[in-house]
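K.L.:
Handing you a structure now.
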Amino acid sequence: MRLNPFDTSKIKVRSSSAGGRGGGAGRAGGIGCGTLVIALIGAVVFGLDPMQTIGMVQGVQQQAGPVQAGGGSDLSEAEVCTQNAYATEACNALVSLNTTWAAAFANAGLEFQEPELDLFRDGGVDTKGCGSASSAAGPFYCPADNGIYIDTSFYDQLAQMSGTGGDFARLYVIAHEYGHHIQTITGLSPQVRQAQQRNPAQANQLQVAMELQADCYAGMWAGKNRNLIEPGDLEEGLQAASAIGDDTLQRNSGQRINPEGFTHGTSRQRMAALKLGLESRNDSACDVFFEGS
């Protein structure tokens, strides 16, 4: 995807670290309680088994240079965005996502709030609102601070899982997490959490709807920027979506396929959601996942 060069004056981005794998506040026996909580949040947000992810992350090849720890204060936006190719790409994506979603909110007459992107690598991160996270958490969104947190080493892992190292697979990741930001600032996310508490039997179904809508939002962003799409991009995104479907993750981990344990949707559902957003180019089309809920 041919993203334009970023303008750091238009984005909120920082680099921070917990100072080592599994570090940060609340350390106990080498792994802080906050780290375990965020590892679970990362699993809920992006569909990864925390224990499986720990082993996979340890074997990741260091293909991109490290993002230096700065706690959000040592590095300027420009310095963060030029640390390595992954960081530059993520900053480009953030500018495009902000521009696309700000326009959608303006057309709807709604107030828009940009998220903050926090990039770290192979260590951990102290979030502003959700405690400490290790690299095992994978990419996640923290609604308490409107922050998108990405350990860029996950991109190497994703390439191994999906069989593609293409840029659109990585852009799908950040666009999906951005989708959770949209769900938060529109008030949908807290409404869903309340509904889950009122009706625990429907909790998994609602969680799947949240994740599929975030996939659809990612596709909608790409669809609205179709002029930047390159040959093979859609295939890369679909392969990534397929690799992180609940059924595929369960199968690849040696588990029995258990639909009652799904929280993100099957590979087929995730691919269909991404494609729906891309083809419709309309965020309203993504409301379909909550019809009848």
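K.L.:
Exposure proxy check: V125, V192 ranked by fewest other beta carbons within 10 Å? Walk me through the numbers before you get to the answer.
P.N.:
Values: V125 33, V192 19.
Placing the least packed residue first, the sequence is V192, V125.
K.L.:
Ok, one more. Suppose the chain between Q160 and D7 were pulled fully straight at 0.36 nm per residue; how much longer would it get relative to their current alpha carbon spacing?
P.N.:
That pair, Q160 and D7, stretches by 52.0 nm at full extension.
K.L.:
Which order, highest average first, do 278-290, 197-209, 140-152, 101-113 follow once you tally other Cβ atoms within 10 Å for each residue and take the mean per peptide?
P.N.:
Going from most to least packed, we get 140-152, 278-290, 197-209, 101-113.
K.L.:
Follow-up question, since we're still on this one. For the pair V288 and I229, how long in nm is the line joining their label points, each one 7 Å along Cα→Cβ?
P.N.:
1.5 nm
K.L.:
Hey, another quick one. Give the average over all directions of the projected area of the C-alpha convex hull of the stretch 85-202, one decimal, in nm².
P.N.:
8.7 nm²
K.L.:
Of the listed pairs K10/K224; K128/K275; K12/K275, which have alpha-carbon separations greater than 27 Å here?
P.N.:
Table pairs above 27 Å Cα-Cα are K128/K275; K12/K275.
K.L.:
Does the stretch 168-222 come out rounded, prolate or oblate by the C-alpha gyration tensor, with a ≥ b ≥ c the root eigenvalues, rounded set by a/c under 1.5 and, if not, prolate when a/b is larger than b/c and oblate if not?
P.N.:
Prolate, because a/c is 1.5 or more and a/b exceeds b/c.
Only the coordinates and a few stated rules stand behind these numbers; no lab work does. Please read these numbers as outputs of a predicted model, since none were measured by experiment. Ideal geometry is used to build each Cβ from the backbone, glycine not excepted, and the neighbour counts take in all protein chains shown.
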